[in-house]
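In what follows, a structure is listed as structure tokens, so that the remarks can point back to it.
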Amino acid sequence: MSNYIERFSTSERVLHWIVTASFFTLLLTGLGLYSTLFNGYFSLFGGGRNAILIHKISGVLFFLSSLYMFFNHQKDVTGFDQDDKKWVTERGGYLSRNASHFNIGKYNPGQKLFAIFIAAATLVLGVTGLFIWAPTMFPRWIVQLSLMAHGLMFVCSIMFVVVHVYLATIGNPGTIEAMLYGNVRSLWARKHHPKWYREVTGEKP
Amino acid sequence: MADTINQTTRKGFLVDTSRCIGCRSCQVACKQWNKLDADKTANKGTFENPRDLTPALYNRIRFIEKETSGEMTWQFFNERCMHCGDAGCMKVCPSPGALYRTKDGIVAFNKDKCISCKYCVSACPFNIPRYGTDDKVSKCHLCTDRISGGMTPACAKACPTETLKYGKRSDLIAKATAAKKTLYGVDDLLGLGVVYALEGPPEQYGLPAKPGIPMSIFLWKDVIKPLGILGFWGSIGAMLLHYVTIGPKKVDDDLNVKEDGHE
Ligand code: HEM
Ligand code: SF4
Ligand code: SF4
Ligand code: SF4
């Protein structure tokens with residue numbers, strides 16, 4: 001048994017970090033627009049006008065790369081089986097210190113829901129962003145609703161990403177290696193994604 | 001941003017629509033004082049001209065044609081920024097100082113500070129702010145530059161019929177109330193800086209009967225914004241709490257269990 005198995009190809013990893021970089025650029029350029037409390041963040045980009053320009057550019061990049069990432073993963077993240085149900089009813093074992101065992105494939109239901117949520121948020125943020133981009137070209141009520149929905153999806157996705165980053169780093173030691181080098185330790189795979197581990201290695205249960 | 005308005009010292013206009021003769025001196029005077037270019041307009045079979053506010057037209061006369069028993073009558077309505085006590089444009093503006101309230105309670109603007117986000121376009125209950133080729137906000141600023149020097153606003157000065165009366169807002173309202181006028185905008189949005197004496201229901205003049213900040217703008221700025229900031233710190237706090245109470249899922253925990261159990 002080799003110590004490491006491949007989880008993400010180089011292109012998958014590069015794509016993930018493009019999505020991440022554009023997401024955080026959007027976050028930082030959006031903060032000053034979100035509230036005057038965060039006006040200082042504009043100075044990172046040389047003023048509000050530049051921040052808006054960079055927001056628009058990274059918005060296009062995020063929209064395309066994030067949706068592409070979703071379609072890339074689609075078959076792995078949109079199906080839920082009986083083992084996933086058990087994970088959901090027991091909250092993935094995250095609410096207890098006791099060791100938990102779930103028969104999970106490549107992604108657990110929490111990851112699947114996160115991937116689906118991010119795809120939906122990308123769509124909403126992208127479409128509403130377009131209306132906000134050229135407000136005088138659309139009916140006022142559409143732009144008003146868009147401003148609200150854009151703000152709402154902005155905060156929801158930040159909260160989801162906070163949870164995602166926690167679980168991908170200190171919450172589950174060993175996970176970040178999947179996105180950094182592409183390989184994970186076999187022990188990690190056997191613990192977190194046993195069904196996937198058996199598929200990849202052909203090992204009998 | 002805390003936007004406070006002193007209701008007792010506040011200045012404003014009283015527009016008595018019954019006096020207006022539709023001469024449009026106000027339109028011309030405003031253009032002259034503010035050095036605004038002429039707009040190219042088209043004849044659409046009415047005397048109303050131009051048909052909408054533009055980046056170079058801060059106020060205009062709306063012509064309302066009415067037919068009563070076969071006879072055609074006009075009503076004239078001076079359309080402009082209302083200098084709302086609770087101003088939607090200021091609520092959403094992300095660039096401090098781009099829209100600001102003067103000590104007289106006027107909502108003025110500073111193009112240098114405007115970052116062209118155009119949020120104010122969507123947040124104004126009266127659809128007033130306009131954008132020109134410079135991509136910056138423009139609207140009536142109640143002649144901030146004139147009144148700070150003790151002068152009357154250009155439009156009011158040019159008005160030959162005293163339709164546009166400028167002064168201390170509370171005095172103007174008291175006088176109009178004594179004259180038994182039907183007033184619009186006394187209390188809405190913490191009081192409009194431009195109060196109208198109307199001769200019919202507001203809808204007839206194209207005004208909302210009960211003007212307010214658009215619902216989704218209110219939800220955005222007064223509900224989602226504060227809750228969102230709370231939610232952000234809440235999610236970070238929740239993750240930290242999880243880490244120190246329940247703790248991470250370490251891979252070798254399992255290893256120990258296995259070793260204990262099987263060997
Ligand atoms: C510093 C920030 C981030 C870190 C450290 C991080 C880390 C990771 C890691 C380690 C994985 C692999 C999980 C596994 O092997 O099961 C992953 C997957 C993924 N990441 Fe991130 N990520 C970050 C930011 C983001 C952002 C901003 C987004 C989207 C807006 C995002 C979207 C995704 C998606 C959709 C997946 C696919 C699997 C899933 O749904 O969890 N990530 N990330
Ligand atoms: S009328 Fe519109 S632009 Fe004028 S103060 Fe009110 S919200 Fe602002
Ligand atoms: S367009 Fe200018 S004035 Fe209007 S909200 Fe944006 S920064 Fe403020
Ligand atoms: S108050 Fe001044 S800026 Fe406003 S419409 Fe009259 S002339 Fe124009």
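The values are calculated or read from the model by the stated rules, or taken from the named source; none is laboratory data. Just so it is clear, the structure is predicted and the values come from calculations on it, not from any experiment. Cβ coordinates were reconstructed from backbone atoms using ideal geometry, including for glycine residues, and neighbour counts include every protein chain displayed. Please note that ligands, DNA and RNA were not included when accessible areas were found on the heavy atoms of the full protein model with its side chains. Shrake-Rupley method; radii C 1.70, N 1.55, O 1.52, S 1.80 Å.
List of remarks:
- Out of B:100, B:131, sole residue that is within 14 Å of chain A (Cβ to nearest Cβ), of a type in the set (Phe, Trp, Tyr), open to solvent by 20 Å² or more (accessible area, probe 1.4 Å) and within 23 Å of residue A:55 (Cα to Cα): B:131
- The residue that is nearest to residue B:96 (Cα to Cα), counting only those in the range B:107-138 that are of a type in the set (Lys, Arg) and away from ligand 4 (no atom under 15 Å from the Cβ), is B:113.
Let's see how each residue does on (1) under 19 Å from residue B:59 (Cβ atoms); (2) open to solvent by 30 Å² or more (accessible area, probe 1.4 Å); (3) not in a helix (DSSP H, G or I):
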| site | (1), (2), (3) |
| --- | --- |
| B:150 | no, yes, yes |
| B:172 | yes, no, no |
| B:183 | no, yes, yes |
| B:192 | yes, no, yes |
| B:204 | no, yes, no |
| B:218 | no, yes, no |
| B:222 | no, yes, no |
| B:238 | no, yes, no |
| B:241 | no, yes, no |
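- If you go through the range A:1-30 and keep only what is of a type outside the set (Ser, Thr, Tyr), out of contact with any strand residue (DSSP E or B) (no Cβ under 8 Å at 6 or more places or on another chain) and within 20 Å of residue A:197 (Cα to Cα), you end up with A:1, A:8, A:12, A:13.
Rundown of residues vs (1) closer than 26 Å to residue B:204 by Cα; (2) among the aromatic types (Phe, Trp, Tyr); (3) in contact with a strand residue (DSSP E or B) (Cβ under 9 Å, 6 or more places away or on another chain), yes/no style:
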residue: B:99; (1), (2), (3): no, no, yes
residue: B:108; (1), (2), (3): no, no, yes
residue: B:114; (1), (2), (3): no, no, yes
residue: B:122; (1), (2), (3): yes, no, no
residue: B:165; (1), (2), (3): yes, no, yes
residue: B:169; (1), (2), (3): yes, no, yes
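- Of all residues making up the range A:95-152, the number that are of a type outside the set (S, T, N, Q), without any contact (Cβ under 8 Å) to a residue 12 or more places away in the chain and touching a Pro at 6+ places or on another chain (Cβ under 7 Å): 0
Quick grid of which residues meet (1) near ligand 2 (Cβ under 10 Å from one of its atoms); (2) in a strand (DSSP E or B); (3) modelled with pLDDT of 95 or more; (4) under 24 Å from residue B:210 (Cβ atoms):
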residue	(1), (2), (3), (4)
B:95	no, no, yes, no
B:100	no, yes, yes, no
B:114	no, no, yes, no
B:128	yes, no, yes, yes
B:134	no, no, no, no
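- Residue match in the range B:174-190 (condition: over 15 Å from residue B:13 (Cα atoms) and within 14 Å of another protein chain (Cβ to nearest Cβ)): no
- Candidates are the residues of the range B:27-38 that are more than 20 Å from the chain's Cα centre (by Cα) and not charged (D, E, K, R); the one that is surrounded by the most Cβ atoms within 10 Å (Cβ to Cβ) is B:29.
- Every test in (1) modelled with pLDDT of 95 or more; (2) more than 7 Å from ligand 2 (Cβ to nearest atom); (3) open to solvent by 10 Å² or more (accessible area, probe 1.4 Å); (4) at negative phi is passed by residue B:108 save one, and that test is (3).
- Of residues in the range B:53-93 being within 15 Å of ligand 2 (Cβ to nearest atom) and of a type in the set (Asp, Glu), the one farthest from residue B:198 (Cα to Cα): B:86
- Those helices (runs of 4 or more DSSP H) of the range A:95-205 in which at least 2 residues are open to solvent by 60 Å² or more (accessible area, probe 1.4 Å), touching a helix residue (DSSP H, G or I) at 6+ places or on another chain (Cβ under 8 Å) and within 13 Å of chain B (Cβ to nearest Cβ), considering only elements entirely within it, cover A:140-168.
- Check on residue B:208, open to solvent by less than 60 Å² (accessible area, probe 1.4 Å) and assigned to a loop (DSSP other than H, G, I, E, B): yes
- Scanning the range A:41-68 for residues that are in a helix (DSSP H, G or I), open to solvent by 50 Å² or more (accessible area, probe 1.4 Å), within 14 Å of chain B (Cβ to nearest Cβ) and not hydrophobic (A, V, I, L, M, F, W, C) returns A:41, A:43, A:49, A:50, A:56.
- Annotation note: of B:83, B:141, the sole residue that is over 27 Å from residue B:219 (Cβ atoms), surrounded by 16 or more Cβ atoms within 10 Å (Cβ to Cβ), within 12 Å of ligand 4 (Cβ to nearest atom) and in contact (Cβ under 8 Å) with a residue 60 or more places away in the chain is B:141.
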